[in-house]
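Report on the structure given below.
Values in this text are rule-based calculations from the coordinates and carry no lab data. It should be emphasised that the depicted structure is a prediction, and the values quoted were computed from it without experimental measurement. Cβ atoms come from the backbone with ideal geometry, glycine included; neighbour counts cover every protein chain shown.
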Amino acid sequence: MLVSGNIPVTNYQELVSQKISTLGAREISGYAGSIQEKKKQKAKIKYRKIKTSDCITAPDGLPEAYYSTDEGIKTSIIKSVRQCLNFLPEKTHEGNFFLSGIVDEEHEQKYFNNCYLLANIESPTPHEGAGTEAMQALVEKSMLDDDTLGRVILYMAQLSDEDTSPKFFYKLGFRYIDPDSNKELKECIEKNIFEFRMPPGYMYLPKENIQKLLRYRQLF
């Protein structure tokens, strides 16, 4: 499963690759023996902590907790420079690319508050819970971080119509910023539609869905 890590931001440094230690495999009645016999492989995950001081531009539609309230940092940014979004032809399935541009000085820009940005996640054993456990570990890391308090975002860009990444994150509790995208994706899940194409966009983890994600393997 791949997630596009290329997001429309300025002053964006190269993502730092880190492997997260996933939570221990939970024993399931009737399967404990087989789990012990077969060592479960861990998902590979890349993420970065976005800091308020990075002054990374944020889109409208996020909960207020995701936006920086540091006016000193905001005013230090040159107002005449902001991001212009440009989609280039997809030739290598590496997601979307973004370029910077110039706009008027009066444009009021929002910036991300401290949060964790998921760049990529790959599970060697799909449908066996490795990806879920990796995400649970990342959310727990964010919760234990006083700067982020459970805030996690990603920029979703499907690789194909068969790419089920949006469904995976939606079921865990992530939501698109765009309400229409959430409605469309929910319908795809309920109707078991296997081929679909969601528009690229940010997904975030609402505060009220954190506990659902952390208990996902127990609840479902």
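Things worth noting here:
- In this structure, the amide hydrogen of Ala119, modeled 1.01 Å from its nitrogen in the peptide plane, lies closer than 5 angstrom to those of Lys46, Tyr47, Arg48, counting only residues at least 5 positions away or on a different chain.
- Long-range tail of P(r) for region 128-220 (Cα pairs > 19 Å, %): 41
- Pairs from the table (Lys44/Lys191; Lys110/Lys186; Lys49/Lys141) lying more than 22 angstrom apart at Cα are Lys44/Lys191; Lys110/Lys186.
- Taking GluC sites (Glu not before Pro) across region 165-220, the ones in a DSSP loop with at most 16 further Cβ atoms lying within 10 angstrom of their Cβ are Glu195.
- Across region 122-133, coupling constants 3J(HN,Hα) worked out from phi with the 6.51/-1.76/1.60 Karplus curve, θ = phi - 60°, read 10, 10, x, 10, x, 6, 10, x, 5, x, 4, 5 Hz, and Gly and Pro carry x.
- Each listed q (0.18, 0.19, 0.23 Å⁻¹) maps to a log10 I(q)/I(0) for region 106-165, found by the Debye formula over equal Cα scatterers with no solvent: -0.78, -0.83, -1.02.
- Of the chymotrypsin sites (Phe, Trp or Tyr not before Pro) in region 147-219, the ones in a loop by DSSP (not H, G, I, E or B) with at most 13 other beta carbons within 10 Å are Phe194.
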